[in-house]
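One structure coming up, written as structure tokens, with questions to follow.
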Amino acid sequence: MSKTLEATIDVAADPTRVWSVVSDLQRMGEWSPQCRKMIIRGGSVGAGTSTININRKGILVWPTTSKVLTFEPGRELRFRVNENRSIWSFVLEPTETGTRIVQRREAPTGTSKVSQTLIKYFLGGQENFDDDMVVGMNSTLARIKNEAEARASV
């Protein structure tokens with residue numbers, strides 16, 4: 001089983017404003033250094049929505065698909081990447097000064113053999129991969145924070 005990866009940031013904007021950024025999955029490529037694009041299949045985003053994702057690290061580019069598991073406006077967004085069984089989530093918690101965002105990557109049933117092989121031979125090994133993922137998660141949250149706070153000041 002993979003360990004749970006987590007990053008947290010405090011944002012000076014209310015949960016509704018932060019949610020408007022976090023839940024706009026079509027813009028994930030602007031926030032995430034690895035998931036360069038999320039294409040929404042169907043209409044608006046909600047529980048059950050499927051996406052096609054384009055991921056990139058260095059010269060490697062690979063597609064994945066995902067399904068939104070939880071869509072609770074102002075509170076929580078969770079989706080599962082079908083190919084490796086990882087579950088990504090953004091949980092919003094109100095604070096005195098705005099909102100805390102907790103981003104997690106979990107693999108409660110472990111990741112697929114294909115994913116493990118790719119990480120071992122092409123993505124630097126599990127420890128380096130996990131470290132890179134946490135750096136990327138912190139980068140993602142910093143970009144979401146900047147966008148949400150810019151919207152809050154308008």
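The values are calculated or read from the model by the stated rules, or taken from the named source; none is laboratory data. Note that the structure is a prediction, hence the values are computed from the model and not measured. Reconstructed Cβ throughout: ideal geometry from the backbone, glycine too, with neighbour counts over all protein chains shown.
Ile87 passes all but one of (1) over 25 Å from Val21 (Cβ atoms); (2) aliphatic (A, V, I, L, M); (3) in contact with a Pro (Cβ under 8 Å, 6 or more places away or on another chain); which number fails?
Going through (1) over 25 Å from Val21 (Cβ atoms); (2) aliphatic (A, V, I, L, M); (3) in contact with a Pro (Cβ under 8 Å, 6 or more places away or on another chain) one by one, Ile87 breaks only (1).
For a quick check of your reading of the model, give me the residue pairs whose first member lies in the stretch 112-129 and is touching a residue at least 40 places away in the same chain (Cβ under 8 Å), whose second is buried (at least 16 other Cβ atoms within 10 Å of the Cβ) and not charged (D, E, K, R), with beta-carbon atoms closer than 6 Å and at least 6 apart or on different chains.
That search, which allows pairs on different chains as well, returns Leu123/Phe129; Gln126/Ile119.
Regarding the stretch 84-99, can at least one residue be identified that is over 21 Å from Thr8 (Cβ atoms) and in contact with a strand residue (DSSP E or B) (Cβ under 9 Å, 6 or more places away or on another chain)?
Yes: one or more hits.
Further question on the same structure: Could you grab the pairs with beta carbons closer than 8 Å, sequence gap of 6+ or different chains, first residue in the stretch 4-21 and within 15 Å of Ala142 (Cα to Cα), second one surrounded by fewer than 21 Cβ atoms within 10 Å (Cβ to Cβ) and hydroxyl-bearing (Ser, Thr, Tyr)?
Short answer, once both residue conditions are applied: Asp10/Thr95; Asp10/Thr97; Ala12/Thr97.
Cβ-Cβ below 6 Å, separation at least six or inter-chain, first residue in the stretch 48-77 and at pLDDT 95 or above, second among the hydrophobic types (A, V, I, L, M, F, W, C) and assigned to a loop (DSSP other than H, G, I, E, B): which pairs?
Close Cβ pairs (under 6 Å, with a partner that is among the hydrophobic types (A, V, I, L, M, F, W, C) and assigned to a loop (DSSP other than H, G, I, E, B)) amount to Val68/Ala47; Phe71/Ala47.
Only residues that are under 20 Å from Thr99 (Cβ atoms) and hydroxyl-bearing (Ser, Thr, Tyr): list them for the stretch 59-84, please.
Thr70
Here's a follow-up. Which residues, counting only those in the stretch 22-45, are within 21 Å of Val102 (Cβ to Cβ) and over 12 Å from the mean Cα position of the chain (by Cα)?
Scanning the stretch 22-45 gives a single hit, Val45.
State all residues of the stretch 112-143 that are part of a loop (DSSP other than H, G, I, E, B), crowded, with 16+ Cβ neighbours inside 10 Å and either hydroxyl-bearing (Ser, Thr, Tyr) or out of contact with any Leu (no Cβ under 9 Å at 6 or more places or on another chain) (or both); if no residue qualifies, say none.
Within the stretch 112-143, just Ser112 meets the criteria.
While we're on this one: If you check Val22 against the conditions, is it touching a helix residue (DSSP H, G or I) at 6+ places or on another chain (Cβ under 7 Å), crowded, with 20+ Cβ neighbours inside 10 Å and β-branched (Val, Ile, Thr)?
Taking the combined requirement at face value, the residue satisfies it.
Counting only residues that are aromatic (Phe, Trp, Tyr) and within 17 Å of Arg143 (Cβ to Cβ), which one in the stretch 72-111 is surrounded by the most Cβ atoms within 10 Å (Cβ to Cβ)?
Result: Phe90.
Sticking with this structure for a sec: Given the stretch 42-98, what strands (runs of 3 or more DSSP E) lie entirely inside it while holding 2 or more residues that are hydroxyl-bearing (Ser, Thr, Tyr) and in contact with a Ser or Thr (Cβ under 9 Å, 6 or more places away or on another chain)?
50-57, 60-72
Identify, please: which residue in the stretch 26-41 is touching a Ser or Thr at 6+ places or on another chain (Cβ under 6 Å) and under 16 Å from Thr140 (Cβ atoms) and is, among those, surrounded by the fewest Cβ atoms within 10 Å (Cβ to Cβ)?
Within the stretch 26-41, the match that is surrounded by the fewest Cβ atoms within 10 Å (Cβ to Cβ) is Pro33.
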